[in-house]
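Okay, structure first, notes after.
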Amino acid sequence: MIETFSLVMALIYGLFGLLIGSFLNVCVYRLPRGESIARGRSHCPSCGHVLSPLDLVPVLSYLALGRRCRYCQTPISPRYAVVESLTALLYATAGFSGTWTGLVAGWPSSWLLLAPLVYVIVLSVFWTWHLMRTPLLQALVKQALLVAFIQLLLPFFPGLAW
Ligand SMILES: [Zn+2]
């Protein structure tokens, strides 16, 4: 059952992607501020309250808390959930297509090797976005994201390779 196996791989990769996305958020928030990404517990940027593990479940905590900090009710930026969802989606896609093409063609897909590259790109895009808030740069970043997304889908349509 190729389909079932591919879906299971997509799920496993997707969950892993959520964790990676969560880590990326820590990087995106802390690196520009010169803070360590290894030390220090996550805290609310508004009230400074240290967050419990229950507040840190990717995407779910954000939705369950009504998109606000549990302690001070300050709205939480949607960027965190967006980065987590996007990374999970990229990983799920890599897991699904990697398994599928690998099984069909009989060789390990280069997609699995591409996954780390993809999240480095996501990290740099959001970091750039954070540092440079000019409309022109944001338009360029959007176009780059669109091109990357189209390239990501290309393996599903072998006849369309450029
Ligand atoms: Zn707070």
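Structure above, values below:
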read-out: Residue match in the stretch 58-65 (condition: open to solvent by 40 Å² or more (accessible area, probe 1.4 Å) and more than 16 Å from the ligand (Cβ to nearest atom)); value: yes
read-out: Checklist (1) closer than 20 Å to residue 89 by Cβ; (2) part of a helix (DSSP H, G or I); (3) not charged (D, E, K, R) applied to residue 57, failing item; value: (2)
read-out: Close pairs (8 angstrom Cβ cut-off, 6 or more residues apart or separate chains): modelled with pLDDT of 90 or more and open to solvent by 40 Å² or more (accessible area, probe 1.4 Å) in the stretch 30-55, outside any helix (DSSP H, G or I) and more than 12 Å from the ligand (Cβ to nearest atom) anywhere; value: 50/41
read-out: Qualifying residue in the stretch 3-10 (condition: within 16 Å of the ligand (Cβ to nearest atom) and farther than 14 Å from residue 77 by Cβ); value: no
read-out: Those residues of the stretch 31-57 which are among the aliphatic types (A, V, I, L, M) and more than 16 Å from the ligand (Cβ to nearest atom), in sequence order; value: 31, 37, 38, 57
read-out: Filtered residues of the stretch 68-95 (kept if β-branched (Val, Ile, Thr) and within 10 Å of the chain's Cα centre (by Cα)); value: 82, 83, 87
read-out: Sole exception among (1) over 22 Å from residue 15 (Cα atoms); (2) within 13 Å of the ligand (Cβ to nearest atom); (3) open to solvent by less than 60 Å² (accessible area, probe 1.4 Å) for residue 77, by number; value: (1)
read-out: Residues being crowded, with 22+ Cβ neighbours inside 10 Å and modelled with pLDDT of 85 or more - total across the stretch 81-116; value: 2
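The values are calculated or read from the model by the stated rules, or taken from the named source; none is laboratory data. Since this is a predicted model, take the numbers as computed values, not measurements. Neighbour counts are summed over all protein chains in view; Cβ atoms, including those assigned to glycine, are modelled from backbone coordinates with ideal geometry. Remember, those area values only see protein heavy atoms, side chains included, never the ligands or the DNA or RNA. Shrake-Rupley method; radii C 1.70, N 1.55, O 1.52, S 1.80 Å.
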